[in-house]
Structures are given as C-alpha cells and as structure tokens.
Amino acid sequence: MHSTLHLVPVNQQEEWDQFVHEHPNGHLLQSWGWGELKARSGWSPLRLALRDEQQHIVAAAQVLRRTVPHVPLRLGHLAYIPKGPVFDWSQPRIRKAFFAQLHALLSRQGALALRIEPNCVRDTVSDESPDDSCEYMLTEHFSPTQPIQPVRTILLDLAPSEGELLAQMKEKWRYNVRLAIRKGVTIRVAQSLDDVIAWYALLQTTGERDHFGIHTRKYYCDAWRIFAPSQQTRLLLAEHGDRLLAGIFVGLFANQGIYLYGASSNESRNLMPNYLLQWEAIRWAKQQGATHYDFWGIPETDNGDEAMAGVYRFKSGWGGRAVTFVGCYEHIYHPLAMRIAKKFVYF
C-alpha cells in the first residue's frame, strides 16, 4: 500500500471533520474549528492527511505551529499536535508512512521540534508494557516531555439510561441536582455574545477565587462564534430569577461530550448551580448521541493534598472512571536551535 501525505485545503474542511469525527481516536482538538480558534491566538494550523491509493484518508494531523518572535515561520517554529495524530496506532504501515513523511515535511518547512499528545489511554494493567502508541514513539526517537493537555481525566459512559446515570452518582450529587431544581435554578443555552460576555465576568471571578489563569474575553467569544453554530459547543448558563449564577462551555465532537470551561459566582453557591449545569450537559451530550462525557482534567494522583483535590472530588462524584493518557512526546529536528528557541517561545 502506497500512502501519500497531503496538505488539506479549506474546501475539504467537511471531509476533514467527518474523518476526525468518525474515527475512534478523533477529538475536538483535531477538528477544523479548533485550528481556526488557535489561528486567532498566535498559532498557524497545518492540516495534513495521509491518503491511500484510492485517495481515502487513513491518517490525519492538525499541526499547530508557533514561531519565535520576529522570525518567519519557514526559519524556525515549534510544531504541536494536540490529541493526535488521528489514525489506527495498531497499524504499523500507516504509522511508519505517516511519521516518515511528516518528519520530512516539517523539517523542510523549518520546524525546530514536534510535540504530540495522542488521544490514547495508557494501558494501566502493566507499567512495564506501554501501549502500541507509546512504545512506537519511544522507539522512533520521541522523548517524553512536559504535558500540555491534562494527563488524567474522568470519562463517564453515557450508554446507561438517565435514570441509571442518576443512580450511579454519589448520593450527595443526586441530592444537589434535585436541590438546584427545587430551589428554582434554571438552565438555558447562551444565545448571543452578550451572554458570553456576562459569563466571562464570572470566569474572571472564578479565576481570582480559585487561582488559575484564563484566556482573554476575545478567545471565548471567538470559540462561541466558531463552534456554537454547528453545535460543536454549547455555553450553558445557570440562572436564578434574573441573576446569572454559573455557566459551562461544553464541547461535542467525535461522539464525546467535553467539559471545557466553567465559571461561577461567589453568591448563592448554596443553590448548587454547578451540579445542575453538569447534569444538563451530560443529558445534552447523551441526547446528541455521544458515547462518553469527558470531565477534562483531574490531578495526576488521588492524593488529597493535591492542589486540585477539590476539583477531583467534584468530578469523581458522577460515576465515571479515571483514565490516564500516554502523555506528551517530543521529536527535535534541530537541537541547538531548539535550546535557543525555548528561551523565547513556549508550546
């Protein structure tokens, strides 16, 4: 089988998204829209597809590229594939053809290094036997490096009925969902940029309260503009009367719901709006045919002293299972230039 790596033009966006959406290893971060979002915040997306002799896509990678300040892209940039590449890692011929052509292309275009974070869950049965993807990267001159995306998450299987999903929650979680309903909390879908802007004010409050960084307001407005029309994300808002209490951005792509961003007010927390928000997000993802709901990031250990231990407790109460991804790997094309570049630009 002879396969060739091609640049995917914008008029093939629909074919790209269909392949990524339908693939078992597909992910929102490999969708065309995610590249458009990142293009508005300093990245240059490159969509590459490996096609077989019948011109069917058998592998794909959305490569995000970022340059050293004041240096043209062709003279030095860092390349990053979040939650990809998208292909069947158990097929050695596809792996070999894809990476051989990818490395040659990126090196020619001026990449100093490539980082990849496959959407592959690590086999935790034996620490001595990494899965096919991890083993391949290690043997093909990839080295483990600091992860960019969360290494651990909680995945909730959406196959059970809504009643069964409620039953498998911790009792306190069910109680809090019903308490929010009983106290008059309502959930609606954001309909305008004004809704996004109001939610962003809550996000600023949340970031200050919980000590984490956030993107600019423009970033979230861009995300809503890009994804909301195609139902690839929803911004769900929790209100009590005319007061906005909380809201969450939820992704929906590749048969998976994803909890992306959350924000809540310092007021009326006793009404438990965050519990009702998550429940409505889970229900929506299930109704749209998603097979899993990803709570998107928990601490790397179950240690109660972890900085995000509270986040872990909240996310673990819904009945899902904790999974660990294979992590982040790096292939360096120009070691000396890369050492210099790391002082000026980050993935």
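Here are some notes:
- Residue within the range 156-163 that is assigned to a strand (DSSP E or B), among the polar types (S, T, N, Q) and out of contact with any Leu (no Cβ under 7 Å at 6 or more places or on another chain) present: no
- From the options N266, N274, N303, residue that is in a helix (DSSP H, G or I), of a type outside the set (S, T, Y) and on the phi < 0 side of the Ramachandran plot: N274
Residue-by-condition table, conditions (1) part of a strand (DSSP E or B); (2) more than 22 Å from S3 (Cα to Cα); (3) at pLDDT 95 or above:
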| site | (1), (2), (3) |
| --- | --- |
| L37 | no, yes, yes |
| S41 | no, yes, no |
| A49 | yes, no, yes |
| V58 | yes, no, yes |
| A61 | yes, no, yes |
| L78 | yes, yes, no |
| W89 | no, no, no |
| I116 | yes, no, yes |
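- Every residue from the range 230-251 that is closer than 23 Å to E14 by Cα and of a type in the set (G, A, S): S230, G251
- Any hit, the range 210-224, residues being closer than 27 Å to D17 by Cα, part of a strand (DSSP E or B) and not acidic (D, E): no
- When residues of the range 186-204 are limited to those that are polar (S, T, N, Q) and either in a helix (DSSP H, G or I) or in contact (Cβ under 8 Å) with a residue 24 or more places away in the chain (or both), the one nearest to Y219 (Cα to Cα): Q204
- The numbered conditions (1) surrounded by 15 or more Cβ atoms within 10 Å (Cβ to Cβ); (2) in a helix (DSSP H, G or I); (3) more than 18 Å from the chain's Cα centre (by Cα) are all true for E14 except (1).
- Whether a residue is in a strand (DSSP E or B) and open to solvent by less than 40 Å² (accessible area, probe 1.4 Å) was assessed, and A238 passes this test.
- Taken together, the residues in the range 277-292 that are assigned to a helix (DSSP H, G or I) and either surrounded by fewer than 19 Cβ atoms within 10 Å (Cβ to Cβ) or at pLDDT below 95 (or both) amount to 2.
- Subset of the range 241-252 [under 26 Å from L155 (Cα atoms) and open to solvent by 10 Å² or more (accessible area, probe 1.4 Å)]: L252
- Some residue of the range 166-185 being at negative phi, open to solvent by less than 70 Å² (accessible area, probe 1.4 Å) and in a strand (DSSP E or B): yes
- Residues (of a type in the set (K, R), surrounded by fewer than 19 Cβ atoms within 10 Å (Cβ to Cβ) and either in contact with a Lys or Arg (Cβ under 7 Å, 6 or more places away or on another chain) or closer than 23 Å to Q168 by Cα (or both)) located in the range 307-347: R313, R321
- Check on I226, crowded, with 21+ Cβ neighbours inside 10 Å, in contact with a Leu (Cβ under 7 Å, 6 or more places away or on another chain) and β-branched (V, I, T): no
- Of G310, G327, G317, all but one fail to be under 18 Å from P150 (Cα atoms), touching a residue at least 12 places away in the same chain (Cβ under 8 Å) and not charged (D, E, K, R); the exception is G327.
Yes/no matrix, rows are residues, columns are (1) surrounded by 22 or more Cβ atoms within 10 Å (Cβ to Cβ); (2) aliphatic (A, V, I, L, M); (3) under 16 Å from the mean Cα position of the chain (by Cα):
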residue	(1), (2), (3)
G26	yes, no, yes
A61	yes, yes, yes
R65	no, no, no
P72	no, no, no
R93	no, no, no
K96	no, no, no
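The values are calculated or read from the model by the stated rules, or taken from the named source; none is laboratory data. Only a predicted model underlies this, so the values are computations on that prediction, with no experimental measurement involved. Methodologically, a virtual Cβ is constructed for each residue, glycine included, from the backbone with ideal geometry; neighbour enumeration extends over all protein chains shown. Side chains included, ligands, DNA and RNA excluded: accessible areas come from the protein's heavy atoms. Shrake-Rupley method; radii C 1.70, N 1.55, O 1.52, S 1.80 Å.
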